[in-house]
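For reference, the structure discussed in these notes is given below.
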Amino acid sequence: MTRKISFISLGGTISSKVSSTGASPALDSSDLLSLVNAKIGEVEIVAVPYKPAPSASLTFQELHDIAALVKREIANGSEGVILSQGTDTLEESSFYLDLVHDSDVPVVVTGAMRNADLLGADGPSNILSSILVSLDSESWGMGVLVVMNDEIHTARYVRKTNTSSLSAFTSYPLGPIGWVSEGKIRIVMKPLKRVRVKFPEKESGKKVSLLKVTLSDDLRLLESVETLGYDGLILEAFGGGHMPNWNLDVIKRIAGKMPVILCSRTGSGDVLISTYGFPGSERDLISRGIIPAGDLSGAKARILLKLLLENGYGKDEVLSFVERHFY
Ligand code: ASP
């Protein structure tokens, strides 16, 4: 029996062509599929139309629409969905899609570091590898996977770590969970558990701000988190989760009004919870109502908090969700 998989191109470098003003998204889902020209026995690959755009301009409303589209494709019989998009925000969008993905059907996100007009463009081979991954039985029940440069990553850990290298996507401090070799899929590790969040019926526009702290920052921006009407805040703090010893009263006040999540700007490792005791330390911040986020990056914590807020979670429910799933 013929298996159906769906391919949706959202734009990005993978779909970009060069004009006198520079590269911009131009190719759509069927253009990209025809570049790959994948003929795989008894598989129908359906190109689902979507307007091509740079991923820097993706919005939460679009992510909500895309997640709903993925669900529709699966409900209509797709046994795999491949999304290609710009790489700039791929680590965030793939995590969003992963959190709300409630079936075992493989969803694979890919992109390219070289546009379609460049020598050695990696888009077509990334799409082909993604198709092969989506068809592999080992990919079932794995949530959303990211395939770049013949490596298979989880959406939970993958990050873009280079501006232009073909190997920009990594999962430090872990690695890829598998790879593609001679057209064969090798998945050698599986996540112990998946974190899921209910797909919110609609996008209601909850706003989460992310503030990365830097040396001698006067932290005056914190005040605008209150005045500009944000619903949640992510602090990307120093080291194990440390802030300067000033403006801590403002942080406490904000944490009294909305969930404030503590991440580390180091990029890996758990935010500490029980080591340091100085003003601005992780223990001090936690005592002021801040929620430590395990090893979630700031960008991924923001996606999680956004979805929890869209589900109506209050501060205490966010705290117990994060404690349950990320420690
Ligand atoms: N500017 C591109 C984007 O849409 C970058 C890329 O796709 O690699 O994210």
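Among Tyr96, Tyr230, which comes first, then next, by fewest other beta-carbon atoms within 10 Å?
Tyr230, Tyr96
With everything on Cα atoms, drop me the angle between helix 248-257 and the longest principal axis of the chain, reported from 0 to 90° to the nearest 10.
60 degrees
Too long at a 27 Å Cα-Cα cut-off: which of Lys160/Lys315; Lys198/Lys252; Lys160/Lys306; Lys160/Lys184?
Lys160/Lys315; Lys198/Lys252
State the Cα centre-to-centre distance between the stretch 295-327 and the stretch 138-205 in whole Å.
20 Å
Collect residues whose amide H, placed 1.01 Å from N in the peptide plane, falls under 5 Å from the amide H of Asp295; neighbours closer than 5 in sequence don't count.
Under 5 Å from the amide H of Asp295: Val271.
For a quick check: with amide H placed at 1.01 Å from N, whose amide H comes under 5 Å from Val46's, ignoring anything fewer than 5 positions away on the same chain?
Residues meeting the amide H criterion: Ile5, Ser6, Phe7.
Net charge near Thr87, counting Lys/Arg +1 and Asp/Glu -1 over other residues with Cβ under 12 Å of its Cβ?
Summing Lys/Arg as +1 and Asp/Glu as -1 gives -1.
Nothing charged except the Cβ atoms of Lys and Arg (+1) and of Asp and Glu (-1): what's the magnitude of the dipole of the stretch 1-62 about its Cα centre? Round to the nearest 20 debye.
Charge dipole of the stretch 1-62: 60 debye, to the nearest 20.
What size of dipole, in debye to the nearest 20, comes out for the chain about its Cα centre when the only charges are +1 on Lys and Arg C-beta atoms and -1 on Asp and Glu C-beta atoms?
Value, rounded to 20: 360 debye.
Compute the long axis of helix 60-75 from its Cα atoms, compare it with the longest principal axis of the Cα atoms of the chain, and write down the angle in degrees, 0 to 90, nearest 10.
50 degrees
How big is the dipole moment of the stretch 181-291 about its Cα centre under a simple scheme where the beta carbon of each Lys and Arg is +1, that of each Asp and Glu is -1, and everything else is neutral? Debye, nearest 20, please.
Here the stretch 181-291 has a charge dipole of around 680 debye.
Taking the Cα centre of the chain as the origin and placing charges on Cβ (Lys, Arg +1; Asp, Glu -1), which of Pro176, Gly280, Leu119 is farthest toward the positive end of the dipole?
Among Pro176, Gly280, Leu119, the one farthest towards the positive end of the dipole of the chain is Gly280.
May I ask for the net charge around Leu166, where only other residues with Cβ less than 14 Å from the Cβ of Leu166 are counted and Lys, Arg are +1 while Asp, Glu are -1?
-1
Rounded to the nearest 500 deg cm²/dmol, what is the calculated helix-only ellipticity per residue at 222 nm for the chain, with -39500 (n - 2.57) per DSSP H run of length n ≥ 4?
-8500 deg cm²/dmol
Under 5 Å between amide H atoms, partner at least 5 residues away or on a different chain: which partners does Thr161 have, H built in plane at 1.01 Å?
Those lying under 5 Å, H to H, from Thr161 are Phe169, Thr170.
Based on the mean of other beta carbon atoms within 10 Å per residue, what is the order of 295-304, 14-23, most packed first?
Result, highest mean Cβ count within 10 Å first: 295-304, 14-23.
If you count, for each residue, the other Cβ atoms within 10 Å and average over each peptide, how do 104-111, 220-227, 264-271, 49-56 line up from highest to lowest?
So the peptides 104-111, 220-227, 264-271, 49-56, ranked by packing, come out 104-111, 264-271, 49-56, 220-227.
Mind jotting down a quarter of the surface of the convex hull over the alpha carbons of the chain, in square nanometres, one decimal?
17.2 nm²
State which entries of Lys71/Lys300; Lys17/Lys300; Lys39/Lys193; Lys4/Lys202 exceed 26 angstrom in Cα-Cα distance in the structure shown.
Lys17/Lys300; Lys39/Lys193; Lys4/Lys202
Taken together, the values in this text are just the output of simple stated rules run on the coordinates, not laboratory data. Quantities reported herein were computed from a predicted structural model and do not represent experimental measurements. Heads up, the Cβs are rebuilt from the backbone with ideal geometry, glycines too, and the neighbour counts pull from every protein chain shown.
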